[in-house]
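Read the structure below first, then the notes.
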Amino acid sequence: CWTEDTVSFSQVIDSRNWNIFVLQQSAQYSGIFGTIRGDLTHLLRLLDAKCPNAKHYWHLTWAFANGSDHPGFGNYDHSQLRMYYSIVNASSQIIHQYFRDDFIGYIPTGTLIQSLRSSYLCDSTDFCRDGYHLDLNIGRYAAACMFYEKVLAPQLSKSILMADGIPSEDSIYTAGDYAFIRQKAYEIAHNDSLVWGSLANRRIYRTDYYDLMGRPLPQSKTFTTPGIARYFYVSGQKKGERIITKQQK
């Protein structure tokens, strides 16, 4: 259903007998759970009233490119990793805690993009054409692969690994590059630990001097944090861990 006309939300919902809804927060707020909970509750109630048999997926969005000039990047101190970890943390609260009965699944596009950023394919644009929208080659293709594998593949019984070819307008990347993206999408779509592996007890540490909500800690004082493991993943492989129990300036 596509229209260039301005229509209301209710008109869109009433226009079809929808069976799937994919929901997400606006990118700049997608890592701030407090901006999601109230509106998501209202939205889910509205969708359930309109389409009671529809299934819901949560979309885990991607962090902005390094150096992005988007004003919302300031919510994460202009740190791509802090934004990504915040998105994972907020999504975990949605999927595993407050809305766990409302979603049939989630679509970890952000995890795929972040994984590809540590691969040989990444350049200075971080797969973004303007610092926050995905580029028209690798970025959009990767997102499409993830949506397909999580939403359509179970219905069609055909994995993204069965696809081949490359976008006809792309003269930069090879068929092997696109096969690599499909493989990454498949691995992440079928391995929850690659998505939530950076979390411990459904929480995350951004740096030693930030609390679990991303607020600066009083560095002049000694503070104690729960003794939980911090995992580091590079291209899906766990590289190491350490226990954070106490930090002092």
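Anything in the range 73-123 that is closer than 17 Å to ASN191 by Cβ and in a loop (DSSP other than H, G, I, E, B)? List them, or say none.
PRO108, SER118, SER119, listed by residue number.
Quickly run through the range 33-72 and pick out the residues that are part of a loop (DSSP other than H, G, I, E, B) and open to solvent by less than 60 Å² (accessible area, probe 1.4 Å).
Scanning the range 33-72 gives ILE36, CYS51, ALA54, LEU60, THR61, TRP62, ALA63, PHE64, ALA65, SER68, HIS70.
Does at least one position in the range 38-46 carry a residue that is on the phi < 0 side of the Ramachandran plot, in contact (Cβ under 8 Å) with a residue 60 or more places away in the chain and not polar (S, T, N, Q)?
Checking the range 38-46: not a single residue is on the phi < 0 side of the Ramachandran plot, in contact (Cβ under 8 Å) with a residue 60 or more places away in the chain and not polar (S, T, N, Q).
Take LEU40 and tell me if it is modelled with pLDDT of 95 or more and in contact with a Cys (Cβ under 9 Å, 6 or more places away or on another chain).
The answer is no for LEU40.
Please specify each residue of the range 152-178 satisfying the condition of being part of a helix (DSSP H, G or I), open to solvent by 30 Å² or more (accessible area, probe 1.4 Å) and closer than 23 Å to TYR106 by Cα.
LEU152, PRO154, GLN155, LEU156, LEU161, MET162
For the range 124-146, which positions are surrounded by 19 or more Cβ atoms within 10 Å (Cβ to Cβ) and assigned to a helix (DSSP H, G or I)?
Across the range 124-146, the qualifying residues are ILE138, GLY139, TYR141, ALA142, ALA143, CYS145, MET146.
Determine the pairs where a residue that is within 14 Å of ILE113 (Cβ to Cβ), located within the range 76-100, has a partner that is open to solvent by 40 Å² or more (accessible area, probe 1.4 Å) with Cβ atoms under 6 Å apart, the partner being 6 or more residues away or on another chain.
Within 6 Å, the pairs are GLN80/ASN66.
Does the range 179-220 hold any residues that are assigned to a loop (DSSP other than H, G, I, E, B), at pLDDT below 95 and open to solvent by 80 Å² or more (accessible area, probe 1.4 Å), and which are they? Quick ask: steps written out before the conclusion?
Pass one, the range 179-220, residues assigned to a loop (DSSP other than H, G, I, E, B): 190-191, 197-199, 201-202, 204-209, 211-215, 217-220.
Narrowing further to those that are at pLDDT below 95: 197-199, 201-202, 204-209, 211-215, 217-220.
Listed by number, the residues that qualify are ASN201, ARG202, MET213, ARG215, SER220.
For the range 137-171, name all the residues that are at pLDDT below 90 and not hydroxyl-bearing (Ser, Thr, Tyr).
ASN137, ASP164, GLY165, ILE166, PRO167, GLU169, ASP170
The values are calculated or read from the model by the stated rules, or taken from the named source; none is laboratory data. On a predicted model such as this, the values are computed, not experimentally measured, just so you know. As a convention, Cβ positions derive from the backbone with ideal geometry for all residues, glycine included, and neighbour counts pool all protein chains shown. Please note that ligands, DNA and RNA were not included when accessible areas were found on the heavy atoms of the full protein model with its side chains. Shrake-Rupley method; radii C 1.70, N 1.55, O 1.52, S 1.80 Å.
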